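Every number here is computed from the coordinates shown, using simple stated rules; none is lab data. Because the structure is a prediction, the values reported are computed rather than measured. In this analysis, Cβ positions are derived from the backbone assuming ideal geometry, glycine residues included, and neighbour counts consider all displayed protein chains.
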Amino acid sequence: MTQDGTAVRVEQLSKHFSEKVAVDRISFEIDRTEVFGFLGPNGAGKTTTIKMLTTLLPPSSGKVTILGHDLATEGRKIRARIGVVQQQDSFDQGLNVETSMDIYGLIWGVPKPERRRRIEELVDRFGMQEFRKKPTIDLSAGQRRRLQVAREFIHDMDLLFLDEPTVGLDPIVRRGVLDYLKERVKGGLTIFFTTHVLEEAEYLCDRIAVINQGRIVEVDTPENLKRRFGSAKAVEFKLLQGSSPEMTTALTTLEGVSHQVQDESTGAYRLTTSTPESVIPGIYRLAERLNLTVSSIYIAETTLEDAFINLVTDDNQVDTMSGGA
Amino acid sequence: MNIYARLVYRNLRANLDKASLFFELIFPLFFIFVQGFGINGIVPPFELGGRLVTYSEFLAAGAVTLTVINGGTNAGTQLWFDRKNGMFEQILMGPFTRAQYILSIIFATLIIGVVGSLLVFVFAFPVVGASVSFTLQGQLLIAAALFLGTMFFGSFAIALSVALKSSETFQVVSTFAFFIFLFTSSVFFPASSAPTAIQTASLANPLTYTTDIFRAGLFDALTPTVSLELTVLAAEAVVMFIVAVVAFRKIRV
């Protein structure tokens, strides 16, 4: 790590493929033991960024320092201290699960007794006991993904790049993997994480950068992103009497409600508002005036997905209006 | 364990298709024991470097060098497996350089080529044993032929596998290319007795030199051109290695 506690420092990083700009002057920093999420729609530049940061692709311009080493001149020193789980499959087709982990540890120079110990731990933690002797070529997509993530922990590292690591995993395994990552972060690991599953980004990441069309649109904590860019909240309520045309009409007079919709099957009303705290007393007042009883009422929370969609949509609209970047 | 040793061990364990390897060893034995003895009856012994050899002895020595070409194909296959299965990029994101990776494939190929040749030689020993001369000079020539031949064909297969867009195309094109190498060489017949066009082609063919040098070493049948053949083979192997490295550096990730 650098003395100031920064694990990754990226300044004005760009990547061009002929005329196409895949990554456009992005800048950010990642602190040590931070989980840094990198979210963006398909083709936004996430994987290209990872390939540059892991020394696989040379940047077109910009300066990057990773773990105190200059990306342009000290690639090998960087690679010796990072781990990478690629978006695409990576496996040795001629080996079984256990041997594949063992040989991966061997090429990284991990001593045999340590490899044996780590394999046992990882097989157990990633639930691979059942298929530990199975050839990797015969594994299901989810099993192969589990192996790919687990295998990376066979060697020591300070920084781990995870490019959509939970694709194909069932919810229980996925949660297990995320919890394992959290444990490793407590032990001093820094993580750069891309995913399309926003719930897991929210669960795992300390900060999130949203990238769109090669540019970073925003960097903040998940909470702040939701607060700043999330949709207006929704208030949902039901009446004891079920549906009421009078109430439907009266709700149109309620201040602060931008949209209302009623579920025909349940009779539940959903009001979109940015001020639920003032809308809820208004609903009770209307109900009292119309001799109706509110049987249930709650505020539906905004999600990171709302914030992400709003950020990317707004950015695309700005881009369209300005005639493209 | 040295970084090259670790990568070579991994290449040998992870990327060798055992069934293909088995057939690559069996293939030369058919030439030795079927074609060699079949034709032996109609071809009288002939002179080679001042010694009389039978056709089955001549072919057995050539068949041993066939494993060199088969080993070469393995180099391309290893690279294709790694590219297809995502291990190529995975390894390059580890603490290795591209040079170390490509050299590890060449070293693994050398091991396959040399060990394969020795195994075939053991099987061929009943055929060629009586004529073999175990001199130091001969053994050095054999080692040089196997080393340089495997290096050439390993590098050739790597360059080919980089140039071609699918593993299936690589298998077809490499098989075809190696047949051309095979039939324009001196594996099956002395190049001097072939039609003029094939004689000319054989002069550029590294398999001709690999086989001639191997035979010269095996039978202690030195010809005046052995040192020249060794020099040409070494030059071809080095040039092809450079071509493979340049091609390899251009693989897009």
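Of the residues B:S155, B:G129, B:F176, the one whose Cα sits farthest toward the positive end of the charge dipole of chain B, with +1 on the Cβ of Lys and Arg and -1 on the Cβ of Asp and Glu, is B:S155. Derived scalar couplings between HN and Hα for the range B:92-99 equal 5, 8, x, x, 10, 9, 4, 4 Hz in order, rounded to whole Hz, by the Karplus curve 6.51 cos²θ - 1.76 cosθ + 1.60 (θ = phi - 60°), x for Gly and Pro.
Residues in the range B:69-78 carry Karplus couplings, in order, of 5, 5, x, x, 4, 4, 4, x, 5, 4 Hz; the curve used is 6.51 cos²θ - 1.76 cosθ + 1.60 with θ = phi - 60°, and Gly or Pro positions show x. From the largest down, the range A:40-182 spans 47, 37, 30 angstrom on the principal axes of its Cα atoms. The long axis of helix A:304-321 is offset from the longest Cα principal axis of chain A by roughly 90 degrees.
For a footprinting-style exposure proxy, rank A:F192, B:F121, B:F46 by other Cβ within 10 Å, fewest first. Walk me through the numbers before you get to the answer.
Details: A:F192 26, B:F121 22, B:F46 13.
With the fewest neighbours first, A:F192, B:F121, B:F46 line up as B:F46, B:F121, A:F192.
When each of the peptides B:77-90, B:143-156, A:239-252 is scored by the mean number of other C-beta atoms lying within 10 Å of its residues, the order from highest to lowest reads B:143-156, B:77-90, A:239-252. Rounded to whole Å, the principal axis extents of the Cα atoms in the range A:232-300 read 27, 25, 19, largest first. A straight line joining the Cα centroids of the range B:149-180 and the range B:78-110 runs 16 Å. About the centre of its Cα atoms, the protein assembly as shown shows a dipole size close to 1160 debye [charges on the beta carbon of Lys, Arg (+1) and Asp, Glu (-1) only; nearest 20 debye]. Size check on the protein assembly as shown: the Cα extents along the three principal axes, sorted descending, read 120, 48, 45 Å. Which residue, A:L286, A:L147, A:L204, has the most motion in a Gaussian network model of chain A that connects Cα atoms within less than 10 Å? For chain A, modelled as a Gaussian network with Cα springs under 10 Å, the answer is A:L286. Once backbone amide H atoms are built at 1.01 Å from N, A:E164 has A:T194, A:T195 as its partners under 5 Å, excluding neighbours fewer than 5 places away on the same chain. Basic side chains Lys and Arg get +1 at the Cβ, acidic Asp and Glu get -1 at the Cβ, and with that the dipole of chain A about its Cα centre reaches some 1020 debye. Tell me, how many Å apart are the Cα centres for the range A:214-244 and for the range A:52-118? So the separation of the two Cα centres works out to 39 Å.
May I ask you to work out the translational diffusion coefficient for chain B at 10 °C, viscosity 1.306 mPa s, via Stokes-Einstein with Rh from the Kirkwood sum over Cα pairs, reported in whole µm²/s? Intermediate results must be reported in sequence, preceding the final value.
Details: Rh = 18.5 Å.
Estimated via Stokes-Einstein, D reaches 86 µm²/s.
How big is the Cα convex hull of the range B:1-138 in projection, averaged over all directions, in nm²? Don't skip to the end; give the middle numbers.
On the way: hull surface 41.3 nm².
Over every viewing direction, the Cα hull of the range B:1-138 projects on average to 10.3 nm².
For the range B:66-156, taking the reciprocal of the average inverse distance between every pair of different Cα atoms yields a Kirkwood hydrodynamic radius of 14.5 Å. Near A:L292, no amide H atom lies under 5 Å from its own; only residues 5 or more places off or on other chains count, and H is placed 1.01 Å from N. Pairs of alpha carbons in chain A separated by more than 38 Å make up 32% of all such pairs. Applying D = kT/(6 pi eta Rh) to the range A:147-270, where Rh is the Kirkwood radius over alpha-carbon pairs, T corresponds to 20 °C and eta to 1.002 mPa s, the Stokes-Einstein value obtained is 117 µm²/s.
Only helices enter this figure: runs of n ≥ 4 DSSP H residues, each worth -39500 (n - 2.57), summed and divided by the residues of the protein assembly as shown, yield -17000 deg cm²/dmol at 222 nm to the nearest 500.
Whole-Hz Karplus values for the range B:247-253 come out as 4, 4, 5, 8, 5, 8, 10 Hz, taken residue by residue from phi with 6.51 cos²θ - 1.76 cosθ + 1.60 and θ = phi - 60°; glycine and proline positions read x. For A:I191, the residues whose amide H sits under 5 Å from its own are A:E34, A:V35, A:F36, A:L160, ignoring neighbours fewer than 5 places away on the same chain, with H placed 1.01 Å from N. For the range B:1-77, evaluate the Debye formula with one uniform point scatterer on each Cα (no solvent term) and list log10 I(q)/I(0) at q = 0.20 Å⁻¹, rounded to two decimals. For the requested q values the scattering log ratios are -0.87. Translational diffusion coefficient of the range B:189-253 (Stokes-Einstein, Kirkwood radius from Cα pairs, 25 °C, 0.890 mPa s): 183 µm²/s. In the range A:6-228, taking the dipole from charged Cβ atoms about the Cα centre, the farthest positive-side position among A:T47, A:S18, A:I103 is held by A:I103.
The mean sequence distance of close C-alpha pairs (under 8 Å, at least 6 residues apart), as a share of the length of chain B, puts its relative contact order at 26 percent.
Using the alpha-carbon atoms, what tilt in degrees (0 to 90, nearest 10) does helix B:136-163 show relative to the longest principal axis of chain B? Computed tilt is about 40 degrees. Mind jotting down the distance between the C-alpha centroids of the range A:274-320 and the range B:215-250, whole Å? If you average the Cα positions of each part, the centres end up 78 Å apart.
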